[in-house]
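The values are calculated or read from the model by the stated rules, or taken from the named source; none is laboratory data. Values in this document were obtained by computation on a predicted structure and should not be read as measured data. All Cβ positions, glycine included, derive from the backbone under ideal geometry; neighbour counts span all protein chains shown. The area values use the complete protein model at the heavy-atom level, side chains included, leaving out ligands, DNA and RNA. Shrake-Rupley method; radii C 1.70, N 1.55, O 1.52, S 1.80 Å.
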Amino acid sequence: MRSILELELSSMAHGGEALGRYEGKVVFVGYAIPGERVRVEVVEDHRRWSRARLLEVLEPSPHRVTPPCPYFGTCGGCQWQHIEYEAQLALKGEVLRDQLQRLGHFADLPVAEVIPSPNPWRYRNQLQLSIAPDGGAGFLDASGARMVPIETCLLPHPLVWEMVGMMEMEGMEGLLQRLRLRAGIRTGEQMMVFETEGDIAPGIEVDVPISCVLLEDGRPVNLIGRNWLTEELAGRRFRISAGSFFQVNTPQAERLIELVGQFLDPQGNETLLDLYCGVGTFALSLAHRVKRVIGVESHGPAVADAWANAHEDEPVEFIEGKVEEVLPQLDLPLDAVIVDPPRGGCGSEVLGELIRLSPSKLIYVSCDPAILARDARLLADAGYHLERVQPVDMFPQTYHIESVSLFLR
């Protein structure tokens, strides 16, 4: 294939690159938009596809905007700042439908319009910084091989970015590997989470009410303050320890809770299983609407958080363990299951156990359309009907797509 090409771009691929064709071969182009005519340089050539670098936009899309961030295109954190927000939402819906159709082989797609984020900027309640050997902080580039030093970022909530200005890296050269900044945007609480070479505790001085925590093999160790913070979702407070998972977009996390409740539509007598339950956001938000909730989570500190977040009169229990190891030990009638797995999805082992338990409803919270399509096909082949899919924009300015799906037996 020639190294310099002119292409008409036809669609957006899963992964955030626009897609065109040259002499029948698919060409992926980053930082471009479907409908554009572009000049590109081929940087990676394979038998069936190629990847190219954008050189010039010959005919721009009407949805192209000027990215406000000076690091866009160098830093790997965002992929879609060059696309107006309404068009980002439309493209995410198209990508989700395409993955379900091509990979999941679903013909009749019940995919709703994407629910927008109320804040397309300044929405992240947590941020992870990479640390260079000289102590400088930044983000990895798109390849993940090089760190881009940064002085500003438009995605973190002000409470998170405020902590960047508090940091003095002197004396931490070669010691600090990663720094995670977390905030409860509804509570105002702030936390710095350190990961260091050899789990050595850094010397820290603070003159503001902030918690500082060292992660040792994923376990939080107090340095200053508490090893957890609290955040409010849907009128309820949740404790979140330093290494526990929590959605990065607080208002959209509330939309997920709302959607899961709508899809579940509990009548008050159900037994509900919540897999990959984290700190209990779904299980506890629904506990007062069902007869019994069982949560399963492999991360010990998150299980401790879930128990701490539960009220004494709530019919909940939490099991610490890997989902694929706990499920074979369960033998009880289930009415509904919620799954919110990591990016790799549930897979055939977990889904096989869920099919054995045979709940009438299964609600799948997904952050990867391709993996959702794979798992949805396994469920459909076992007799579950994909009733509804509701995408939620958890990550504006990026290609990532969150969704909630309802399967009925």
- request: Just check segment 317-387 against the gyration tensor rule for me: Cα atoms, a ≥ b ≥ c as the square roots of the eigenvalues, rounded for a/c under 1.5, and otherwise prolate or oblate depending on whether a/b exceeds b/c.
  value: oblate
query: In segment 266-409, carbon and sulfur make up what percent of the accessible area (probe 1.4 Å)?
result: 46
For segment 202-225 versus segment 240-295, the gap between their alpha-carbon centres in whole angstrom: 29
statement: Expressed in nanometres to one decimal, the distance between label points 7 Å along Cα→Cβ at Val206 and Gln329 is 3.6
task: Over the chain, calculate the relative contact order: mean separation of alpha carbon pairs under 8 Å at least 6 apart, over the residue count, as a percent.
output: 13
message: Tell me whether segment 250-347 comes out rounded, prolate or oblate; compute the Cα gyration tensor, take square roots of the eigenvalues as a ≥ b ≥ c, and use a/c under 1.5 as the rounded threshold.
response: rounded
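After finding the eigenvalues of the alpha carbon gyration tensor for the chain, what semi-axes result from the square roots of 5 times each, listed largest first in whole Å?
After scaling each eigenvalue by five and taking roots: 35, 31, 18 Å.
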field: Candidate residues Tyr85, Tyr384: accessible-area rank, largest first, probe 1.4 Å
entry: Tyr85, Tyr384
query: How large is the accessible surface per residue of the chain, computed with a 1.4 Å probe and reported in Å² as a whole number?
result: 44
task: Keeping the other protein chains in place, figure out the carbon and sulfur percent of the accessible area of segment 17-66, with a 1.4 Å probe.
output: 47
query: Over the heavy atoms of Met12, what accessible area does a 1.4 Å probe trace out, to the nearest 10 Å²?
result: 20
Val114 - accessible surface, heavy atoms, 1.4 Å probe, Å² rounded to 10: 20
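Let's see if you can work this out: charge +1 on each Lys and Arg Cβ, -1 on each Asp and Glu Cβ, no other charges. What is the dipole magnitude of segment 103-234 about its Cα centre, in debye to the nearest 20?
360
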field: Largest-first ordering by accessible area, 1.4 Å probe, given options Lys25, Lys92
entry: Lys25, Lys92
message: Need one value: the accessible area of Ile224 in square angstrom, 1.4 angstrom probe, rounded to the nearest 10.
response: 50
task: Return the Cα extents of segment 347-409 along principal axes one, two and three, sorted largest first, each rounded to a whole Å.
output: 40, 20, 15
query: So between Thr187 and Arg97, what do we pick up on full extension, going 0.36 nm a residue minus the alpha carbon distance?
result: 28.7 nm
query: Counting only complete DSSP H runs, which helices of the chain cover 20 Å or more along their long axis at the Cα atoms and score a mean Kyte-Doolittle of 1.0 or above?
result: none
message: What does the extension gain come out to for His311 and Asn222, with contour length at 0.36 nm per residue minus their alpha carbon separation?
response: 29.5 nm
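Over 31 Å between C-alpha atoms is what I'm after, so list which of Lys92/Lys291; Lys25/Lys361; Lys291/Lys322 land there.
Numbers: Lys92/Lys291 37 Å; Lys25/Lys361 42 Å; Lys291/Lys322 24 Å.
In this structure, Lys92/Lys291; Lys25/Lys361 exceed 31 Å between Cα atoms.
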- request: Go through Ala302, Val392, Gln99 and say which Cα lies farthest out towards the positive end of the charge dipole of the chain; charges sit on Cβ, +1 for Lys and Arg, -1 for Asp and Glu.
  value: Gln99
message: I want the local charge near Leu233. Using Cβ-Cβ distances under 9 Å, sum +1 for each Lys or Arg and -1 for each Asp or Glu among the other residues.
response: 0
task: Calculate what fraction, in whole %, of the accessible area of segment 192-264 sits on carbon and sulfur atoms when a 1.4 Å probe is rolled over the protein chains.
output: 47
message: Given a 1.4 Å probe and heavy atoms of the protein chains only, how would you sort Ile204, Ile363, Ile150, largest accessible area at the top?
response: Ile204, Ile150, Ile363
field: Values of log10 I(q)/I(0), in the order q = 0.15, 0.22 Å⁻¹, for segment 285-409 under a Debye, Cα-only, solvent-free model
entry: -0.77, -1.43
Spatial separation of Cα centroids for segment 304-328 and segment 24-83, in angstrom: 45
